[in-house]
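Okay, so here's the structure we're looking at.
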Amino acid sequence: MTGAGRVHVAVIGAARATDRECEAAERVGRGLAEAGAVVVCGGLGGVMEAACRGAKAVGGTTVGILPGTSRFDANDYVDVAIPTGIGEARNALVVGAADAVVAVGGEFGTLSEIALALKAGTPVIGWETWELARAGDAVTGVEVVGGPEDAARMALERAARRRR
């Protein structure tokens, strides 16, 4: 199947991630790539780099949608670097390119991507990420999983359902 026809899953999280988050993101990227999915991310370091590293370790394809104007800012594991020059607004492009999203940890940029994905009806799978509430009441939307392999598996399942 060509790149456009393959499942695309965005892996989102902090550029300044913990070692634990990076290890989890690498496992997510590996699991997605082993299943033939294209890994989409913001193209920089931390969770994004770890997910791409995991995907590349098993021959996967990675896409980095960058905030700046130079494709050379992408981490070393990005196959296709797309410079946007639109800063954090590129978060809308990251989730817009995906059939499902996996959030690993994260900071405020991750929170914005979660919100954009949910608003668009894109499934969001979360591992140790933001919990959402409105006026103290939990908001459903992010499907919480216990481990990185579960996150990859569930994202692939949700993406396949969405594409039908």
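The values are calculated or read from the model by the stated rules, or taken from the named source; none is laboratory data. The structure presented is a predicted model; accordingly, all values stated were derived computationally and were not measured. Because the Cβ atoms are built from the backbone with ideal geometry, glycine has one as well, and the counts that use them run over all protein chains shown. Just so you know, the surface numbers come from the protein's heavy atoms only, side chains and all, with ligands and any DNA or RNA stripped out. Shrake-Rupley method; radii C 1.70, N 1.55, O 1.52, S 1.80 Å.
Numbers at a glance
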item: Relative contact order [Cα under 8 Å, 6+ residues apart], the chain, whole percent; result: 24 percent
item: Theoretical ellipticity at 222 nm over the chain - DSSP helices of four or more residues, -39500 (n - 2.57) apiece, nearest 500; result: -12000 deg cm²/dmol
item: Gain upon complete extension [ARG71, VAL58; 0.36 nm per residue less C-alpha separation]; result: 2.4 nm
item: With every protein chain in place, the stretch 93-164: carbon and sulfur % of accessible area (1.4 Å); result: 54 percent
item: Accessible area expressed per residue, the chain, with surrounding protein chains retained (probe 1.4 Å, Å²); result: 48 Å²
item: Scaled radius of gyration (Cα, divided by 2.2 N^0.38 Å) that the stretch 30-132 gives; result: 0.99
item: Value in Å of the Kirkwood radius, where the stretch 1-84 supplies the Cα pairs that are averaged; result: 12.1 Å
item: Spin-label model distance (nm) - GLU88 vs ASP150, 7 Å beyond Cα toward Cβ; result: 3.0 nm
